[in-house]
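**Q** Just dropping this structure here.
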Amino acid sequence: MDIKTIDINKFKRIVFFTGAGMSAESGVPTYRGEGGVWHEYNWREYACQDAWETDPEKVFDFHDLRREEALKCFPHKGHELITTVQEAHSDVVIVTQNIDGMHQRADSKNVVELHGSLWRVRCQNEGLIKDDLNHGPFEKRKCNCGAWLRPDIIWFSDMLNPDTVQQADAAVTQCDLFVSIGTSGVVWPAAGYPQLAKSSGALCVELNPQPSELAWLFDMVYKGKAGELLPQLFKL
Ligand code: OAD
């Protein structure tokens, strides 16, 4: 494929907007594609507040599996390339829908986690958010106050964290280069970010083996895998 290399020095503010496809080459399953998590599991039983209130242990077991899966995987060349872009440029934000922490494991900074993280818990009672970086299942399922902890993840029908949304909105509105990688573009409000970047005047680029629902609004659409396309798009 003919790829036009992007010179990062021509851009003041860069946003990488990532979805499950970003981690696919690391071995983390996506949600909707072949072998996707939501084909195997009904999210109504595992990823919404109702499921949690009905059977928190079952929901914890599901998320323990997600942690185990993520721990078996490692960042790939695409994650590393994004870190290299960050090291070479003063204003790069990663707005991710991923909860696996793979960008951080590749030493990326400024990661805005729209859908929360598998590596944090929140007390149902006190609302306190704590890291749980145990190298395996969640360390504790109950808070010291006696209430259930819950994975600090945005489940179906949950509101996004307003501070996180504010950070993401600011980054996307102000960027002049927006690179969307590995998202199907069907989950809102994240799916609105490409349009927001476009209407704010950014050059919008999509990388995906199967162009997303939103491909029509991008200036450039490259069909392929993140780990293969990113090093060709940015020669650093
Ligand atoms: P999806 O599973 O909906 O979409 C994954 C996208 O990645 C698809 O468009 C694939 O074509 C693409 N893809 C697959 N392999 C790729 C590769 N090697 N390189 C680049 N792209 C590749 O995942 P998301 O769009 O991230 O929410 O889903 C959004 C949200 O829905 C997730 O954050 C999750 C889910 O419910 C929560 O867990 C809260």
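The values are calculated or read from the model by the stated rules, or taken from the named source; none is laboratory data. Just so it is clear, the structure is predicted and the values come from calculations on it, not from any experiment. When we count neighbours, we look across all protein chains shown, and the Cβ atoms used for this are built from the backbone with ideal geometry, even at glycine. All accessible areas refer to the heavy atoms of the entire protein, side chains included, with ligands and DNA or RNA removed. Shrake-Rupley method; radii C 1.70, N 1.55, O 1.52, S 1.80 Å.
**Q** With unit charges on the beta carbons (Lys and Arg positive, Asp and Glu negative) and the dipole taken about the Cα centre of the chain, which residue among CYS145, GLY185, GLN174 sits farthest to the positive side?
**A** GLN174
**Q** LYS225 accessible area, nearest 10 Å², 1.4 Å probe?
**A** 100 Å²
**Q** First select every other residue whose beta carbon is under 13 angstrom from the beta carbon of LYS12; then total the charges, Lys and Arg +1, Asp and Glu -1. The partial results should precede the final answer.
**A** Values: positive: LYS10, ARG13; negative: ASP7, ASP91, ASP176.
Spelling it out: positives minus negatives among the neighbours equals -1.
**Q** If we count GluC sites (Glu not before Pro) as exposed when they sit in a DSSP loop and have at most 15 other beta carbons within 10 Å, what is the longest stretch of the chain that avoids them all? Can you show the working numbers first?
**A** On the way: sites that count: GLU34, GLU126, GLU139, GLU213.
It works out to 35-125.
**Q** Using alpha-carbon positions, what is the distance between the centroids of region 40-67 and region 190-236, in Å?
**A** Here the answer is 32 Å between Cα centres.
**Q** I'd like to check one number: the per residue accessible area of region 1-142, probe 1.4 Å, reported in Å² as a whole number.
**A** Working: 7230 Å² over 142 residues.
Solvent-accessible surface per residue comes out at 51 Å².
**Q** Over 20 Å between Cα atoms, which of LYS10/LYS223; LYS10/LYS235; LYS10/LYS225 qualify?
**A** On the way: LYS10/LYS223 24 Å; LYS10/LYS235 14 Å; LYS10/LYS225 25 Å.
Check vs 20 Å cut-off fails for LYS10/LYS223; LYS10/LYS225.
**Q** What part of the accessible area of the chain, given as a whole %, is carbon or sulfur when the probe is 1.4 angstrom?
**A** Details: 5640 of 11500 Å².
C and S atoms contribute 49 percent here.
**Q** Treat each spin label as a single point 7 Å out from the Cα along the C-beta direction, and report the LYS142 to GLU57 distance in nm.
**A** Placing both labels 7 Å beyond Cα along the Cβ direction yields 1.2 nm.
**Q** Give me the net charge of SER108's neighbourhood, meaning all other residues with Cβ under 13 Å from the Cβ of SER108; Lys, Arg count +1, Asp, Glu -1.
**A** Details: positive: ARG105, LYS109; negative: GLU80, GLU87, ASP100, ASP107, GLU113.
Counting the neighbours of SER108, the net charge comes to -3.
**Q** Just to be sure I understand the model, the point goes 7 Å from the Cα along the line to the Cβ. What's the resulting PHE156 to ARG32 distance in nm?
**A** 1.3 nm
**Q** Mean-square fluctuation check for the chain, GNM, Cα pairs under 10 Å: which of SER90, SER180, SER117 is largest?
**A** SER90
**Q** I'd like the FRET efficiency for HIS39 and ASP107, computed as 1/(1 + (r/R0)^6) with the beta carbon distance as r and R0 of 35 Å, rounded to 0.05.
**A** 0.60
**Q** Here is a further query. What does the charge count around CYS204 come to, taking other residues whose C-beta lies under 11 Å from its C-beta (Lys +1, Arg +1, Asp -1, Glu -1)? Walk me through the numbers before you get to the answer.
**A** Details: positive: LYS198; negative: ASP176, GLU206, ASP219.
For residues surrounding CYS204, the net value is -2.
**Q** Checking the cross-link filter: which aspartates and glutamates have an alpha carbon closer than 17 Å to that of LYS140, excluding same-chain neighbours under 8 positions apart?
**A** Excluding near neighbours in sequence, the set is ASP55, GLU57, ASP61, ASP64, GLU68, GLU126, ASP131, ASP132, ASP152.
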